[in-house]
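All remarks here apply to the structure that follows.
The values are calculated or read from the model by the stated rules, or taken from the named source; none is laboratory data. Since we're looking at a predicted model, the values are computed, not measured. Ideal geometry is used to build each Cβ from the backbone, glycine not excepted, and the neighbour counts take in all protein chains shown. Areas reflect the complete protein model, heavy atoms only, side chains present, ligands, DNA and RNA absent. Shrake-Rupley method; radii C 1.70, N 1.55, O 1.52, S 1.80 Å.
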Amino acid sequence: MKNKYYPHLASPIKINGLTFKNRLFGAPMSNPELDPDCHMREEDIAFHANRGKGGLASVCIGLGIVEAVGRSHTKEVILYDDLSLPSLKRMANEFHKHNCMATMELAHGGKFGAARSHTGANYSLIGPNDEVNAQGVPVKAMSEEQIYETATAFGNAAKLVKEAGFDMVLIHGGHGWLLGQFASPYFNKRTDRWGGSLENRMRFSLLVIEKVREAVGPDFPIEFRMSGSECIPGGYDIDEAVEMAKMIDGKVDIIHVSAGIHENNDVFVITHPSMFIDHGVNVKYAAEIKKHVKTPVATLGGLNDVDMMEDIIASGKADIIEVARQSLADPYFPEKAFSGRKDDITKCCRCYTCFYNYLSNRNYCCAFNPIIGDELENKYGFPATTPKKVAVIGGGPGGMQAALTAANRGHSVVLFEKRDILGGQIVHEKHIPFKKDMYSFVEVMAKRVKEAGVDIRLNTEITPEEVADMGMDVVISAVGAKPIIPNIPGIEKAKGLQVLESETPDLGQKVVVLGGGSVGSEVGIYLDMLGKDVTIVEMKDTWGKDAYWMHRVAMDKYVRDSKIDIKVNTKVIEVTDEGVLCESAEGQIIIPADSVLLAAGMKANREVADEFLNTAPRVFEVGDEIKAGRVVDAVKVGYYRALDI
């Protein structure tokens, strides 16, 4: 009998004799960290297992490296070392507890084997050509003997993975990694039988597939990851990708179609779609390839809506949906969808919090999910606590998360919010198209808080005296932040971000945004989408400086293709009826404006927060009142402070 909610997405699929319970697979994600020997720790196993626990049919561990010269960073599982077996066996067992198939990605960095992973003045990497890579490391063109040795290394790695109890391997042939470097006319400049024509450029990938098949046998599923287009001038496009897919059709068991290359910032945010790109932007590549092959085709790329996923399968665009970031925002979204609880799914908003923390803090994290990165300590829950009376002051993301966690642990919770809606500053983003998933998060959280039995009191600006009189055991203060208002003549003429809460903001055609941080930059992009003539004024020498690196790249790509004028190193002197008087490197200038919008940043609302400090035996602070910052900080602190009760 088919699932009554998502009959196509929930239907099993048989791949080379192995039945996967549904069409939702976990795309490759590499480890948050590894031990000093590059083997998986218990923390890493718990991270991946949490993705498999929520209903995915398979989860892929990303970037298992097949030989030492192919390492591109220090978080890759080394599959050329038998000592990786114990942790891999543990990982496979954890997946199988949840009827989730275990998959390992087999990869090789080739010319992009970063210098971080290697030492020595005479060290060189390998790739299609003799060259020096962007890190200044020499790259030697692979000899035919080396090509066969590396292909054999892929096979040996696959054999190790199978021995560990994994159910499938994924050969990474896309994104500009070694096999992709050989397949690409942009990267591969060889003139021998390993370069030139498409047949020659694909010869290495076909050899690797052959060696892996020899190693694992005929009845072990092999997935092959390729880019449906490299998305760069001089790279291959979908037409050549179709021919590539035809060459591997029948030789592998899943053709996994992604897009792009990693070593180009503009393309990186297509491979991992930013919030400025439509959901499902890369599905078109899989859909076209599927028309020409018999092998099941997998697609991915910023997918977070189960209705869209169902339509992709139902309409025949692909056979399998693969997700990565969405399984961090809500690891349990498959089970929720298949049991009729779609409205309780937290959707990934593509903010790149996870990427930033992975690259900078050596840990995974999610703006909306406080468990991510701490799966091991949360694995078995927390002991019961003595029920207490708890008051939460403020209904932003941090306050809601604190109220929800406290209520779920058995406390009696009342939540006070001075506005008529929960959500805090995110309420301003309701009508911004690329922030719809952010707004969806606070809607889902408000629903969860209500269902948890929290006494929600909207339109209630409660005083510290009133809270003290209630005799609460704990007060969680989450009063948030307030706008920074510069001491500039005429600043009262500028409008606050509240104006954006309307579907048709009360703004003229020419809009000057004061402040070029991430908020001001995003506001400028939104107004450009509305057809406004936008100028952003920023005092510092760069704009969007507080944004995550990848989000900054995505914004920069949009701005370059827009009419937005960003003036850096520019100080506002006065806001007038005609516009904004500024001091710039060229002297004083006047920027004409019909409307001026203030986005100079936020600061902690300490004046109000301090008033609640002695209103109960224990008073905790969460969210922007500690330090105006990101949603991830508010949610995480709200969660753990509630556990402290």
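The set of residues in region 429-442 that are outside any loop (DSSP other than H, G, I, E, B) and in contact with a helix residue (DSSP H, G or I) (Cβ under 9 Å, 6 or more places away or on another chain) comprises Glu429, Pro433, Phe434, Lys435, Lys436, Asp437, Met438, Tyr439, Phe441, Val442. Note on region 22-32: among residues that are modelled with pLDDT of 95 or more and either surrounded by fewer than 19 Cβ atoms within 10 Å (Cβ to Cβ) or not aliphatic (A, V, I, L, M) (or both), the one that is nearest to Phe224 (Cα to Cα) is Pro28. Of all the criteria given as (1) in a strand (DSSP E or B); (2) over 18 Å from Tyr364 (Cβ atoms); (3) not β-branched (Val, Ile, Thr), the one not satisfied by Gly62 is (2). Of the residues examined, Met40 is one that is in a loop (DSSP other than H, G, I, E, B), touching a helix residue (DSSP H, G or I) at 6+ places or on another chain (Cβ under 7 Å) and at pLDDT below 95. Specify the residue that is least open to solvent (accessible area, probe 1.4 Å); the eligible residues are those in region 586-620 that are out of contact with any helix residue (DSSP H, G or I) (no Cβ under 6 Å at 6 or more places or on another chain) and of a type in the set (Asp, Glu). Applying the filter and picking the extreme gives Asp610.
What number of residues in region 481-501 are open to solvent by 40 Å² or more (accessible area, probe 1.4 Å) and either in a helix (DSSP H, G or I) or touching a Lys or Arg at 6+ places or on another chain (Cβ under 9 Å) (or both)? Number of matching residues: 7. The set of residues from region 586-612 being of a type outside the set (Asp, Glu), over 17 Å from Gly520 (Cβ atoms), out of contact with any Ser or Thr (no Cβ under 8 Å at 6 or more places or on another chain) and assigned to a loop (DSSP other than H, G, I, E, B) comprises just one member, Asn605. Checking each residue of region 471-479 against the condition of being touching a His at 6+ places or on another chain (Cβ under 9 Å), of a type in the set (Asp, Glu) and surrounded by 14 or more Cβ atoms within 10 Å (Cβ to Cβ) gives at least one match.
Yes or no, residue by residue, for (1) in a helix (DSSP H, G or I); (2) buried (at least 22 other Cβ atoms within 10 Å of the Cβ):
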site	(1), (2)
Glu145	yes, no
Thr150	yes, yes
Leu179	yes, yes
Glu199	yes, no
Phe204	yes, yes
Val208	yes, yes
Glu230	no, yes
Ala241	yes, yes
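Which of the residues belonging to region 96-119 are buried (at least 22 other Cβ atoms within 10 Å of the Cβ) and either in a loop (DSSP other than H, G, I, E, B) or modelled with pLDDT of 95 or more (or both)? The answer is Cys100, Met101, Ala102, Thr103, Met104, Glu105, Leu106, Ala107, His108, Gly109, Gly113.
Within region 250-270, the residues that satisfy the criterion of being open to solvent by 10 Å² or more (accessible area, probe 1.4 Å) and closer than 17 Å to Met550 by Cα are His262, Glu263, Asn264, Asn265, Asp266, Phe268, Ile270. Here Ala337 clears all of (1) closer than 30 Å to Arg552 by Cβ; (2) open to solvent by less than 20 Å² (accessible area, probe 1.4 Å); (3) not β-branched (Val, Ile, Thr) except the condition numbered (1). Against the list (1) open to solvent by 70 Å² or more (accessible area, probe 1.4 Å); (2) under 25 Å from Pro505 (Cβ atoms), the condition Ala446 fails is (1).
Under 17 Å from His175 (Cα atoms), out of contact with any helix residue (DSSP H, G or I) (no Cβ under 6 Å at 6 or more places or on another chain) and open to solvent by 10 Å² or more (accessible area, probe 1.4 Å) - does that describe any residue in region 211-221?
No, the conditions are met nowhere in region 211-221.
Do we have Tyr332 as open to solvent by 70 Å² or more (accessible area, probe 1.4 Å) and at pLDDT 95 or above here? When the stated conditions are applied, Tyr332 passes them.
For region 349-395, a residue qualifies if it is within 25 Å of Leu422 (Cβ to Cβ) and in a helix (DSSP H, G or I), and the qualifying residues are Thr353, Cys354, Asn378. Candidates in region 72-93 are the residues that are touching a Gly at 6+ places or on another chain (Cβ under 6 Å) and not small (Gly, Ala, Ser); of these, the one that is most open to solvent (accessible area, probe 1.4 Å) is Lys89.
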